[in-house]
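> Structure provided below as structure tokens; questions to follow.
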Amino acid sequence: MKANNRSKSINKAVGIIRGYVSLLPLCSGVYRMISDCDEVLYVGKAKSLKKRVASYMNFEKLPERLQRMVCLTAKMEFINTSTEADALLLEANLIKKYKPRFNILLRDDKSFPYIILKDEHEFPQIIKHRGAKTIAGKYFGPFPSAGDVNRVISALQRAFLLRNCSDSYFKNRTRPCLQYHIKRCSAPCVGKITAPQYAKQVSGASEFMQGKSRDVQNSLSIAMIEASQKMDYEAAAVIRDRITALTSIQAKHDMNSDMGDSDVISIAQINGVSCIQVFFYRSGQNLGNKAYFPRHDKGESSETIIAAFIAQFYHNKLPPDRLIVSCDMPDRELLEKALSVDIFIPKRGKYRRAIDFAINNAYEALKRHLSLSETRLKMRRRVMDLFDMDDIPRRIEVYDNSHISGTNMVGAMIVEGEEGFQKKAYRKFNIKEANASDDCAMMREVLSRRFKLGFDYDNCPDLLLIDGGAGQLSACKEALEELGMLDKLTLVAIAKGVDRNAGREKFFMIGSEMFQLPINDPALHYLQRLRDEAHRFAISSHRMRRAKALTSSPLDNIDGVGAKRKKALLLHFGSAKAASSASIDELLKVEGISRSIAQKIYDYFH
């Protein structure tokens, strides 16, 4: 019976594909395979759409992964392109947009940070920047992480004494700030350095970031020796500290130098899991590296994975002059044409040494990743047994509330998936209906708003962990019962122990007695870590709301009163409180306030 149903499913899917093939042109383009619930299953490119889609009709010759995909296909959509290179770029863009489950998928696609020397001011500012290059100045990077940028900026400030304050802060200074006193700025804001002297410092920093680090250090060394010979030991000590700051950068960034502008990309695979390691070289300097763990089927080859990675990685980033890759790949020439870059697979020399170094790093990163994944899986199995669940939890959501005496009440939700915390899925809830002293009502409101749209398999938890006791558990139970969600997930409350000591937590479940875990139980530590992350996120969300409330005004909530009218009202009356007690005739005396707006303001406060 099952074989007969499978045969019918295959015949139906192949029939759908055959219907499209008869209508398709021989030109290049991109196709999407879509399920009956409008989920995009796969995005592919083709030199000839007709020939490529027709290949799916040979069902028995397809890999098992593609057979599953074809069986799920209910319809297809197509986009014709003028060239195959355009199809490749469009494919990468659509994969990023739809995240199809049957594609090789790069999940971390954040833009990279840069260092900017802003040149629109007499005394240029050094800052960190992420995003579009809309600020005028010299850009250096990209850097793999904000931490790398912060370390380099800190060292450049110590070496070249450049300011990092905003122009408005700079303009209003009357005496040097702390940066000057800790020898990280030359205080141009109060005339401690002339414009030509500061320009020389900026030039030195620029040359250093452009790869002329040795020349810059040699000139500083000469200056230090000259100061010593003149017995100006204080100036010599300052220059010595600047040289030390530059050396701290070079210790990290001189590895495999003289590489020009290039990215070194290597791949390592263990048990069907891949790690792609990217090293960034600009102006011959190693700016750092980053590891990626793309999602793909276990049977995918290294060559196919690295080709898909490159197409997706550079679809919204400007590639360097050269990509140095650890293995050849399909569509190499097509990638070169689409990205306007040279792809080089070295066999010997400095580039081969750089690749070997990257491969070793990829294997080490992959081993750490697999070790963490194994530990996380072990903890989830323990949680499954502990809470009598039917299966290992795929998605865990943890909830907490934060407020001070009922003010600025915020609910927070954090998510842990199969690969760790999913910070893009975190949510905060500004609590609006619950009473200030009712924590249980707060939690009930949060859950009601979270699940008001019903159950979504991909985005709903298997385990829902509440920071609270029996009261919070009861409130959450009622909320989930009303929404028809209670039987679809496991609900657990975790309460802080006696004297709020870690290790004495109490656990509450529906239909079970309260229980505690041994203080040295790894599962307890795992659940504490989840609870603490929710607590951290709730507190930070509450602080943000509280800070915003400190600078807000009742005038912000009045329809028709924007920034300009608000400013006029405050200048006229002196405060929002005074404006709130003004009559309509008094309000009409304010510039820009019409009778209808005056009536709205009066009605709002009365």
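Each reported figure results from applying straightforward, stated rules to the coordinates on display, with no laboratory input. These numbers were taken from a predicted model, which means no experiment stands behind them. Note: ideal-geometry Cβ built from the backbone for every residue, glycine included; neighbour counts use all protein chains shown.
> Quick check on the chain: helices-only [θ] at 222 nm, where DSSP H runs of length 4 and up contribute -39,500 (n - 2.57) each and the sum goes over total residues. Nearest 500, please.
-14500 deg cm²/dmol
> Label the stretch 396-547 by shape, choosing from rounded, prolate and oblate, from the square roots a ≥ b ≥ c of the eigenvalues of the Cα gyration tensor; if a/c is under 1.5 it is rounded, and otherwise prolate applies when a/b is larger than b/c, oblate when it is not.
Rounded shape, in that the Cα axes give a/c under 1.5.
> A further question follows. For percent of Cα pairs over 38 Å apart, several values are listed as (1) 55; (2) 31; (3) 40; flag the one computed from this structure.
The calculated read-out lines up with (1).
> Need one word for the stretch 554-605: rounded, prolate or oblate. Basis is the Cα gyration tensor (sqrt eigenvalues a ≥ b ≥ c); a/c below 1.5 gives rounded, then a/b vs b/c decides.
The shape class here is rounded.
> If you don't mind, there's one more thing I want to ask. List the pairs from 432/452; 290/424; 12/61; 564/589; 128/367; 47/347 whose alpha-carbon separation is above 21 Å, in the order I gave them.
128/367; 47/347
> What relative contact order, as a whole-number percentage, does the chain give when Cα pairs under 8 Å and 6 or more residues apart are counted?
Here the relative contact order equals 8 percent.
> A follow-up question, please. Would you tally the net charge around residue 241, using a Cβ to Cβ cut-off of less than 12 Å, leaving residue 241 out, and scoring K and R as +1, D and E as -1?
Combined, the nearby Lys, Arg, Asp and Glu give +4.
> Would you kindly derive the ³J(HN,Hα) couplings of the stretch 160-177 from the backbone phi angles with the Karplus curve 6.51 cos²θ - 1.76 cosθ + 1.60 (θ = phi - 60°), listing them in order in whole Hz, with x for Gly and Pro?
Using θ = phi - 60°, the values come out as 10, 6, 8, 7, 10, 7, 6, 5, 5, 5, 4, 5, 9, 6, 10, 8, x, 8 Hz.
> Once the piece of chain linking residue 321 and residue 165 is laid out straight, how much longer is it, given 0.36 nm per residue of separation minus the C-alpha distance between them?
52.8 nm is the gain from fully extending residue 321 to residue 165.
> On to the next question. Quick one: which of 128-138, 377-387, 303-313 comes out on top by average Cβ neighbours within 10 Å, and what's the full order, highest first?
Ranking the peptides 128-138, 377-387, 303-313 by packing returns 303-313, 377-387, 128-138.
> Between the stretch 173-205 and the stretch 373-415, what is the C-alpha centre distance in whole Å?
50 Å
> Under 8 Å for C-alpha pairs, at least 6 residues apart: give me the relative contact order for the stretch 178-332, rounded to a whole percent.
That works out to 17 percent.
> Amide H to amide H under 5 Å from residue 41: which residues, 5+ apart in sequence or cross-chain, H placed 1.01 Å off N in plane?
Long-range HN contacts for residue 41: 33, 34, 35.
> Dipole of the stretch 262-368, Cα-centred, from +1 at each Lys and Arg C-beta and -1 at each Asp and Glu C-beta, to the nearest 20 debye?
420 debye
> A further question follows. Report the extension gain between residue 197 and residue 602 in nm, rounded to one decimal, defined as 0.36 nm multiplied by the number of residues separating them, less their alpha carbon distance.
So the extension gain works out to 140.0 nm.
> Need one number: nm distance between label points at residue 229 and residue 488, each 7 Å from Cα along Cα→Cβ, rounded to one decimal.
Modelled inter-label distance: 8.1 nm.
> Kindly put 404, 510, 414 in sequence by how many other C-beta atoms sit within 10 Å of each C-beta, fewest to most.
Arranged by neighbour count, lowest to highest, 404, 510, 414 become 404, 510, 414.
> How do 77-89, 153-165 rank on mean C-beta neighbours within 10 Å, highest first?
153-165, 77-89
> I've got another one for you. Can you run phi through the Karplus equation (6.51, -1.76, 1.60; θ = phi - 60°) for the stretch 379-388 and list ³J(HN,Hα) in whole Hz, with x for Gly and Pro?
For the stretch 379-388, the Karplus curve yields 5, 5, 5, 5, 5, 4, 5, 4, 9, 6 Hz.
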